[in-house]
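Here's the structure we're looking at; comments come further down.
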Amino acid sequence: MKSTWFEVARPQKIDLNDWSQHFRLVRDEQIKEFNYYHNPEWGIYLSPPATFMVYGARELKRLKFDNSLASLRMWGFVFNESERLFRAKQMGKRVIATMGDLGTVPVIIMAFPNCIPFYPECIWWTPFFKESTVLLDTATELGIPEAACFSKATLAAFHKKAYFPKPDLIFASTGASCDDYSCIMQLVNDLGYEMLWLEIPFRRHNDEQYPDRFEEYLISEYERVWNKMVELTVINDKTGLIPSIKKANRLRSLAERIKQLTYEAPITPLPALELMTIEFGNLYGYADLDEWLDIVEMINETVAKRVEKGIGVLKQNAIPIAWITPSADPLLLNLVEDCGLRIVGTEYVINQALVPIEENVEPFRALARSFMKASLIGSTQERIKRIIEGVKNERIKGVLVTNMLGCSHCAMETRLIEKMLSKVPVLSIDVPVPFGITEQLRTRIAAFAETLR
Amino acid sequence: MELIGYTCSYTPVELLAATGFKPYRLLHGNVGFITLGEKSVRVDACPLVKSNLGYIMANQKKFAAVVGSTGCDMARRMFDVLKELTNIPVYLFNNPRTDKPTIFYDEIDWLAGELECLSNKKINSEILGTEIDRWENARNRYRRLDQKRASNPSLISTADFHRAVMNYHKGEIGSAININENQSDKPRIYLLGSSIPYEANQILELLELDLAIVGDFNCGISRFLNINIKEKSLNGIKVAYYNQPPCIFKRPNQPFYEFIGTQIKELECKGIIAWTLDYCDSYEFELKRIGRIFELPVLRIRSDLSFQNLSQLKTRIGAFAEMLA
Amino acid sequence: MTEILNPRERFGLLVIDEKPDRCNIIPLITSHAATVAGIKLKEYYTDGEAMAKAQITAIEEYEHDAISIFSEVGIIAEAMGSEFNYPDDDLPVLRIPALTKFDIDKLKIPDPNKDSRLPVYLEAIEYAYSAVGDKIPILAYVPAPFTTGMMLSDPNQFLLDTIRNPEQIKKIIEISLEAAIEFSYEIINAGGLPILVDPLASGSVISPKAYQEFALPGEQGLIKFLHRYDFDVILHICGDTTPILDLLLLTGADLISLDKVELNLAIERLAPKMRIIGNFNTTKLGFGSPDGIASQVREMVKHGIKAEKGYIASTGCEVPIRAPTGNVKVFISAAKEAGWFLD
């Protein structure tokens, strides 16, 4: 299972060239051991970052990665997703786009055999990994204003049909979600893609006390999802929801454990970039949940061992901060750690995909309840309450907020967040366009770290 | 405290008025208020939202409450800011976003309950009936004016009409409405897009130097005329507000386009003015479609409400009018 | 029709067995790029930035679908000790093969970052990748071990030794394979996709038996190395490969670039397992009439796009250095015209 190098290597962040060197030590059998959809013929994915860089992911030349075999496996799997989705269609699987709800509808989809849910909006990282404005420019040509959130890349991807296959179904959630994305979904609709629109309510109260009827609305929406899926697959077996929920919970608890281990360890055992990738994996398992679960198990083991040995990837004196709103540019996570900071709390607006789903109530109700925890459907105050707790007990020494120009909730929330977190230094930065990180921005982050020190 | 502020065309004014407070539509677009608003939100927020926020902050004592909807993200999140920075009670309801009336109907029930608590007053069918009559009468008066605006040739200008409807939006519906007729043979156009704020009347005046705006789908002007309450009850309110021509944000939004298409045809419009505010996703994302679907010349006017580019705009409008003529 | 995809996206779909908007069009525009850019050939093959800029100029001029970093097949051999003349306006010419100067045991695996002109190639790849790598694939041609072996030796002697001293030849090829792997490794880190070229393993040069015994293992070794990365590997062999069509299936290559082979025959024999690249006669490109080129290219593409696993419209060999640019444009526009998959 493990090659010698991986057993002896000290945990550290390494670059693409280092990975290429270490990859030469990976045995052929090991490469063949991991494959998606249990398909060894075309399903291998244990490739070094160089593979994906050659295929156009230019930022990989500048990123630093964790050096464990588990992380190598994770990156190979994550970067392989586009191919995997096309292969899924070629294998006769149904590919279902679930847009806007971030974490719940896929659990329903996965109750149907051979159905693969995915989130087209996750394409928003692609312009940054590629250091390319191709998708953003295409979106502008298709009518999206220039000053719109980077998730507009999704529309371009639908238009080009080169980043994921044409979905067999699209479920689009609107309502108390993100405006920009609701508009994008409407334009996708206008490209000729049919979609079932789902309405998600604004929670209004906190995530414990909201009107019961909201749960009922969601349940009725999930029934509509179910019926549409039954229409597509001609399968109507709701018992499939139970293992699907269990699997989602297994993933959620693993991800939570990895986060807690990482946050609490004296020396950070896993970099923030890998940790963010794991968090977002909760949404749909990067289009192969079984394999993703296996990968996350492996990362969990790696992290646990590192914690046990008291070793990690950052210096012990790294300063703990929280991160609010995910960065579209992965390089920022590297930069923050390079400046001597470590991430010990996040609010990536996907809370609904992180919380456990109840297993002792009717499945749709359980899913509705988990969705009602969503950050996006509540108030800013609710959204950052966990970060405030971290600040109160002095676990969090500072907060970094990333904004996207044209992102409606960023525009309205950031000043408020700064005010609400006034007890610690808060650095609010705008994520620049792809390949746009400047020395000035690096200096701001470094100065922020210096302030905290 | 005499006002209940509100931000969205799905907010039933009759219900707000039933509390005894005056419904006051937040439609401010003034640089001073924007600057005030920018103390609490980023500059890349919608100027109308920033301005409204600034207005409320500067006039907190006037407001008994502010009611909003989930209509657009920024307007919705303004309530988080108000909650944090003021003591004004805020109420935010889910407005219709797909074709399911249930959520909206239940939300109006909830809002009625909250407003009863706020005003400490039972909102019964008698009170509601009175308010429905009062507001329906007002709308009828404005409808008659709107017919003059829509007639061919148009008999009143939209700039004048806008000045008149400000009273409705500000809850002043008792007084008489007088608009001098002023026949226009200029090219007939339709106006749609982001709300025209109170302070943006000058834009309408500028447009009508060369054009005749004979109809609009605009929350700041005549959209309220689509509310037609047939049953004098809370249920009647719900049905009327739910069934108004849909917001561009309702998904899917084909019915919105169908409604506008019919209007443009009936009003014999030769062109469209698409007025958008900076960062107004609902219209900015749709501009290309608007041009394509209606197959009419579209003049796009984007504004940050600073009105610094009026002379440039005047030239563009003139060129557009020339093209239509 | 409007092109929806850029070359990177188009190539990406091809290698996962999906149909793009139209077929990829990648004529082997290598040193011809120097002509398009108006620079001396010597500058092209001795200055990485000049090579990259010439390639970018060519792709801007022709709007084909990949950049081809290449000048000639002796580059690895040169870095291992063979000596070449550098004419001002022609490609390098083998002057003294390494193995005529020293013994096989003294052959060293070159360092691609230091030795001879290998750094020129790496610089060209880096430059092109930074400049246009998000939109255009950067293909970097790597001489396969058999071809390098021959460039390390006196070519005639090398061929004779395949009969007289086969073990010696195999040893040369083994070392050449190692050198090719090291070069490929650095090409990958620079951002290039290694493409195997084995022109001297052509059916016009060696027999199928010799191909199987000497050339094939070297190709297989390099392809195996590249498959570890999960790359889809292109193998190009010049000349007539009709006699070795079945053997080509054994290489493991995912895309086969053919020269003087009847395209329909190649499709019939290879297309179920490999994607087909080819194979317009470059002599026609150099000397044919635009009308003739257009109709023949259309005909070729019409057949090519029937290849079930995919097809790249290309030339059978390198576009002649001084081919009229007008003819190349005709080739590309005719291929674009005939190569649509979308309705």
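Using only the alpha-carbon atoms, how far is helix C:155-164 inclined from the longest principal axis of chain C? Give it as 0 to 90 degrees, nearest 10.
On a 0 to 90 degree scale, this one is about 70.
For a quick check: with amide H placed at 1.01 Å from N, whose amide H comes under 5 Å from A:GLY175's, ignoring anything fewer than 5 positions away on the same chain?
When sequence neighbours closer than 5 places are left aside, the close amide H contacts are A:ILE200.
Suppose we look only past 28 Å in the calculated P(r) of chain C. What percent of the Cα-Cα pairs does that tail hold?
I get 37 percent for the Cα pairs in chain C exceeding 28 Å.
Roughly how many whole Å is it from the C-alpha centroid of the range A:325-373 to that of the range C:57-103?
A separation of 53 Å, based on Cα centres.
Out of C:THR57, B:LEU277, C:PRO143, whose Cα points farthest toward the positive end of the dipole of the protein assembly as shown (charges: +1 Lys, Arg; -1 Asp, Glu; placed on Cβ)?
B:LEU277
Quick one: Karplus J couplings for the range C:165-174, per residue in order, coefficients 6.51, -1.76, 1.60, θ = phi - 60°, nearest Hz, x for Gly and Pro?
9, x, 5, 4, 4, 4, 5, 4, 5, 4
So what is the calculated 222 nm ellipticity per residue for chain C, using -39500 (n - 2.57) for each DSSP H run with n of 4 or more, over all residues, to the nearest 500 deg cm²/dmol?
Result for chain C: -14000 deg cm²/dmol, rounded to the nearest 500.
Fewest first, what order do B:LYS50, C:LYS170, B:LYS314 take by the number of other Cβ atoms within 10 Å?
Arranged by neighbour count, lowest to highest, B:LYS50, C:LYS170, B:LYS314 become B:LYS314, C:LYS170, B:LYS50.
With 10 angstrom as the radius, rank C:ILE276, C:ILE188, A:ILE267 by how many other C-beta atoms surround their C-beta, starting from the fewest.
A:ILE267, C:ILE188, C:ILE276
Collect residues whose amide H, placed 1.01 Å from N in the peptide plane, falls under 5 Å from the amide H of A:THR268; neighbours closer than 5 in sequence don't count.
Amide H neighbours of A:THR268: A:VAL313, A:LEU314.
How about the range A:313-405: which GluC sites (Glu not before Pro) there lie in a loop by DSSP and see at most 10 other Cβ atoms within 10 Å?
A:GLU394
What Kirkwood Rh does the protein assembly as shown have if only Cα atoms enter the pairwise 1/r average? Answer in Å.
32.5
Helix-only mean residue ellipticity at 222 nm, chain B, DSSP H runs n ≥ 4 weighted -39,500 (n - 2.57), per residue, nearest 500. What is it?
Using -39500 (n - 2.57) per qualifying helix, the result is -14000 deg cm²/dmol.
For the range C:36-82, just list the percent of Cα-Cα distances falling in each 5 Å bin from zero outward, please.
Bin by bin from 0 Å, the calculated values are 5, 21, 26, 22, 14, 7, 4, 1.
Give me the distance in nm between label points sitting 7 Å out from Cα along the Cα-to-Cβ direction at B:ASP185 and B:CYS117, one decimal.
Using points 7 Å along Cα→Cβ, the separation is 6.2 nm.
For C:THR57, B:THR11, A:THR438, which order do you get if you count the other beta carbons within 10 Å of each Cβ and list the fewest first?
Least to most surrounded, the residues fall as A:THR438, C:THR57, B:THR11.
Report the trypsin sites (Lys or Arg not before Pro) located in the range B:145-204 that are in a DSSP loop and have at most 11 other Cβ atoms inside 10 Å of their Cβ, or state none.
Answer in residue order: no site qualifies.
Can you divide the C-alpha Rg of the range B:126-324 by 2.2 N^0.38 Å and report the result to two decimal places?
The reported ratio for this selection is 1.03.
For the range A:17-25, in order, what is each residue's ³J(HN,Hα) by Karplus, 6.51 cos²θ - 1.76 cosθ + 1.60 with θ = phi - 60°, in whole Hz (x at glycine and Pro)?
In residue order, the calculated couplings are 5, 4, 4, 4, 4, 5, 4, 5, 8 Hz.
Assuming a ≥ b ≥ c are the square roots of the Cα gyration tensor eigenvalues, decide whether chain A counts as rounded (a/c under 1.5), prolate (otherwise, with a/b larger than b/c) or oblate.
Because its axes are fairly even, with a/c under 1.5, chain A counts as rounded.
How would the range A:193-252 be classified by its alpha-carbon gyration tensor: rounded, prolate or oblate, with rounded meaning a/c under 1.5 and the a/b versus b/c comparison settling the rest?
oblate
Please give the helix B:310-324 orientation as an angle from the longest Cα principal axis of chain B, in degrees from 0 to 90, rounded to the nearest 10.
The angle comes out at about 60 degrees.
Run down the lysines and flag those whose C-alpha is under 18 Å from the C-alpha of C:LYS101, throwing out any fewer than 8 positions away in its chain.
Once the sequence-local lysines are set aside, what remains near C:LYS101 is C:LYS171.
In deg cm²/dmol, rounded to 500, what helix-only [θ] at 222 nm does chain A give when every DSSP H run of at least 4 residues adds -39500 (n - 2.57) and the total is split over its residues?
-14000 deg cm²/dmol
With a ≥ b ≥ c the root eigenvalues of the C-alpha gyration tensor of the range B:3-123, is it rounded (a/c under 1.5), prolate (a/b larger than b/c) or oblate?
Judged from the Cα gyration tensor, the range B:3-123 comes out oblate (a/c at least 1.5, b/c at or above a/b).
Calculate one ³J(HN,Hα) per residue across the range B:299-307 by plugging θ = phi - 60° into the Karplus curve 6.51 cos²θ - 1.76 cosθ + 1.60, and present them in order as whole Hz with x for glycine and proline.
Listing the rounded values in order: 9, 8, 10, 10, 9, 9, 6, 8, 6 Hz.
Please compute the contact order of chain C in relative form: average sequence separation of alpha-carbon pairs under 8 Å and at least six residues apart, divided by the residue count, as a percent.
It rounds to 19 percent for chain C.
For peptide B:69-76, what's the mean number of Cβ atoms from other chains within 10 Å of each residue's Cβ?
Per residue, the number of nearby Cβ atoms from other chains is 6 on average.
To test your reading of the geometry: what angle, between 0 and 90 degrees and rounded to tens, separates the Cα axis of helix B:73-85 from the longest principal axis of chain B?
40
Within the range A:1-85, which GluC sites (Glu not before Pro) sit in a loop by DSSP and count at most 13 neighbouring Cβ atoms inside 10 Å?
Passing both the DSSP loop test and the Cβ count: A:GLU41.
Tell me the relative contact order for chain A as a rounded percent, counting alpha carbon contacts under 8 Å between residues six or more apart.
Worked out over chain A, it gives 17 percent.
For C:ILE195, which sequence-distant residues (separation of 5 or more, or a different chain) have an amide H within less than 5 Å of its own amide H, given hydrogens modelled in the peptide plane?
C:ALA140, C:TYR141, C:VAL142
What percent do you get for the relative contact order of the range C:226-285 when only Cα pairs under 8 Å and 6+ apart count?
Once divided by the residue count of the range C:226-285, the mean separation gives 33 percent.
Looking only at Cα atoms, what is the convex hull volume of the range B:242-325 per residue, in Å³?
108
The numbers here are math on the coordinates, done by the rules we state, and not lab data. Everything numeric in this text was worked out from a predicted model, so none of it was measured. Note: ideal-geometry Cβ built from the backbone for every residue, glycine included; neighbour counts use all protein chains shown.
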